[in-house]
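Colleague: My questions all concern the structure below.
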Amino acid sequence: MGGSGALLFSHLATESVVAFSPQIDLTRDNHVSRDDMTLLVKEKFQTHLVEHAKEAIQKGVRLFVHRGRESSDTKHTDQLMNRLASIDPLESERLQIIEHSDCDHHQIAIHLKQRGQLLDVISNCLMFNAVM
């Protein structure tokens, strides 16, 4: 849920946000089974996450969302793209979905770390604004 948290609070960022395999729609995700996460709570979470990501993009923050090829992760990021489809085309370039085709599971950050790539991936995303 760290990737989701990064997007949930993205409106507080000033330049860039890096999210790994965020879960967008908790109502259909069987990985979220807490008793206190009622359907209403899950729906509100999704609404706030999308609204905050949109707000971040509109104020100039770049969102870098990393995912592997795992089917539920691609569904979540595709849903994020669909929910943000109404943003201005010039602003839409601030949302980048980066697929790591050599990762076929949800734990993309662990995958990148095991390959010695995690620090470079994060640094490249955060430094992107510095060279703009």
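The values are calculated or read from the model by the stated rules, or taken from the named source; none is laboratory data. Predicted model only: the values in this text are computed from it and were never measured. FYI the Cβ positions are ideal-geometry reconstructions off the backbone, even for glycines, and counts take in every protein chain you see. These accessible areas exclude ligands, DNA and RNA; they are computed on the full protein's heavy atoms, side chains included. Shrake-Rupley method; radii C 1.70, N 1.55, O 1.52, S 1.80 Å.
Colleague: In the set Glu93, Glu55, Glu43, which member is farther than 18 Å from Ser21 by Cα, acidic (Asp, Glu) and free of Cβ contacts under 8 Å to residues at least 12 places away in the same chain?
Modeller: Matching residue, one of Glu93, Glu55, Glu43: Glu93.
Colleague: Which residue is modelled with the highest pLDDT, if the candidates are limited to the stretch 18-69 and must be closer than 18 Å to His106 by Cβ and open to solvent by 60 Å² or more (accessible area, probe 1.4 Å)?
Modeller: Looking at residues that are closer than 18 Å to His106 by Cβ and open to solvent by 60 Å² or more (accessible area, probe 1.4 Å), I get Arg69.
Colleague: Of all the residues that make up the stretch 98-132, how many are touching a Lys or Arg at 6+ places or on another chain (Cβ under 7 Å), open to solvent by 40 Å² or more (accessible area, probe 1.4 Å) and without any contact (Cβ under 8 Å) to a residue 40 or more places away in the chain?
Modeller: 3
Colleague: Just to verify a result, which residue in the stretch 70-85, among those that are of a type in the set (S, T, N, Q) and closer than 20 Å to Phe9 by Cα, is surrounded by the most Cβ atoms within 10 Å (Cβ to Cβ)? Before the answer, list the steps.
Modeller: Pass one, the stretch 70-85, residues of a type in the set (S, T, N, Q): 71-72, 74, 77, 79, 82.
With closer than 20 Å to Phe9 by Cα added as a condition, the list becomes 77, 79, 82.
Numbers: Thr77: 23, Gln79: 16, Asn82: 11.
For the stretch 70-85, the residue satisfying everything is Thr77.
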